[in-house]
Structure formats: structure tokens, C-alpha cells
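The values are calculated or read from the model by the stated rules, or taken from the named source; none is laboratory data. As the structure is a prediction and not an experimental result, all values here were calculated from the model. Methodologically, a virtual Cβ is constructed for each residue, glycine included, from the backbone with ideal geometry; neighbour enumeration extends over all protein chains shown. Quick note on the areas: whole protein, heavy atoms, side chains included, nothing else; ligands and nucleic acids left out. Shrake-Rupley method; radii C 1.70, N 1.55, O 1.52, S 1.80 Å.
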Amino acid sequence: MIRVAAVGDIHLGPGSAGTLRPAFDTLHEQADLLLLAGDLTRHGTAEEGEVVAGEVAGLGVPVVAVLGNHDYQSDQEAEVTAALDRAGVTVLEGEGTVLDIGGVRVGVAGTKGFGGGFAGRSGGEFGEPEMKDFIRYTRRCADGLRKSLTMLREADCAVRIALTHYAPVPDTLAGEPLEIYPFLGSYLLAEALDEGGADLAVHGHAHHGTEHGMTGEGVRVRNVAQPVIGRAFAVYHLPVHAGGAAGDGGVTARAGAVGAH
Ligand SMILES: [Fe+2]
Ligand SMILES: [Fe+2]
């Protein structure tokens, strides 16, 4: 059993130091790794990146992150990434990483992702160059996710997890206004999940969405935006069957500590 803690949209600012640390300090008792699903800062400044780094340094479990749109706001995403890196956090963008957790190879594939919308309601690579660029960027993110998941399969990972900021499915957006769905995620990310294969996909970004969803091929999707889960982090249990294959049993969720947002 692999216990995956996850949270996104913690939106820490200059005065946030210490707000999540008490909950994160107990995380190792409940989980084997922590996934951060982007929007870790409010405005993506280097200073805010240092605050995030201070909250997640030295937790005693591996921490893997993607950035969110807020983390790009000040054009200092490289500085935010560097601060997290110094704190021992693996920041993924179109890449995968393999963790050894008690002898089980756990792969995490991550990309921020981007928008565009969902089946029948999506933008396309047509018309103005700005519109083409928009969808091509989403496609590049999705391609990175697909390739990373494929790489993790070839690396014999017993458990594979996809980590994004933007949503791959509309299920986990329920509660958000329909008008903004195209800015909350893209079906291209779900296609990548279904083609690459994953035991669990976690994302954030949709603060007013819903925790549980699923892709067309049955990949479980969880919106872990902190306002959605209502606590410092959610924990999902992924069974690992004998022989190293990831289980196809249900993903069970357990409450983490009380959170703040
Ligand atoms: Fe957010
Ligand atoms: Fe966001």
C-alpha cells in the first residue's frame, strides 16, 4: 500500500510562514510521499517561493511538485523552482521521476498543463496565431505527460501517478461556472492519461470544484485544491499487488490534518 498525500493551491504569501508547517510535520505518520499540485504561491515571487520551501523542507518523505499559473505571475518561476529545489522538492514540467518507497518503485509524471476545454466544448488550433499558440501549448504539456507516463511504465514502476495543476476532466470542476471550464483544464490531458496509463491523477486550480472524477478509460482523478479538500492535505491509498503490479482496487481517501486557505 502506497499512501499518497496531495494538496494544491496553498497560495502562500509573504506572511504565510508556519501556517501549514504544523500539519506537514505530521504528514510522515500518514503518508509515504507528498504531491504539490501547483499554485503554491499567490503571485509567484521568489520571496513567496522561499516561504513555500520553508513549509515543505525536511518532511521525512519525498516531495514532488508542479507549478501553477499563480507561480508564473511575476515571471520568477525559475526562482520559485530553485527555492523548492534547494528544499529537496522535485519540481516536474513534462518529466517523470521514480521514487523508491519501501522497495516499491513509484513513478510520478508531472506537468502544469493548461486550458482549452473539454470534449465538444474545446478550443482548436485554428484561426489567429494566438489561438493556435494557446492550444499548441496545452498539447505540448499533454505530450510531455504522455511521454513521462510511458517512460515510467518502461522503468517498471509498480505505481504511476500523474500530477498536474490544470484539470484533465470536467468531473472535478463541478461547482465552477461552466463559462470558465475552458480556462480550468483540457481533455488533451485526459487523453495523455488514458494513453500513458496511471493509477491516480491529481490536480488543483479549480478552487470551487469537486474532489472525485474519472477519465473515460477509468483513471481516477482527484482535485486536491485546498479549498476543495478543506484540509492541509488529502491522503489516497494505492494498493500494490504481489508481483509489483499496481492494484486495480479502489483508491481510498483519508482525511489529513485541518488545513487553512
Ligand atoms: Fe489556485
Ligand atoms: Fe491555478
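Using C-alpha pairs under 8 Å with a sequence gap of at least 6, the mean separation divided by the residue count of the stretch 2-253 gives a relative contact order of 20 percent. Here the stretch 1-112 carries DSSP beta bridges of which approximately 40% are antiparallel, counting only pairs with both residues inside.
Here, the chain is characterised by an Rg to Rh ratio of 0.94, where Rg is the alpha-carbon radius of gyration and Rh the Kirkwood radius.
Between Ala174 and Thr210, the built amide H atoms are under 5 Å apart, and every one of these is 5 or more places off in sequence or on another chain. Each residue of the stretch 216-225 was assigned a 3J(HN,Hα) from its phi angle through the Karplus curve 6.51 cos²θ - 1.76 cosθ + 1.60 (θ = phi - 60°); the sequence is x, 8, x, 6, 6, 10, 10, 8, 9, 3 Hz, with glycine and proline shown as x.
Using a probe radius of 1.4 angstrom, the carbon and sulfur fraction of the accessible surface of the chain is 52%. Beta bridges assigned by DSSP with both partners in the chain are antiparallel in approximately 45 percent of cases. Placing +1 on the Cβ of every Lys and Arg and -1 on the Cβ of every Asp and Glu, with no other charges, gives the stretch 2-253 a dipole of roughly 440 debye about its Cα centre. Net length available on complete extension from Glu130 to Asp100 is 6.6 nm, with 0.36 nm assigned per residue and the Cα-Cα distance removed. Summarising the label geometry, the points placed 7 Å from Cα in the beta-carbon direction at Tyr137 and Ala57 lie 3.2 nm from one another.
Per residue, the chain exposes an accessible area of 41 Å² to a 1.4 Å probe, with every protein chain left in place.
Length gained on full extension, Glu179 to Asp25, computed as 0.36 nm times the residue gap minus the Cα-Cα distance: 51.5 nm.
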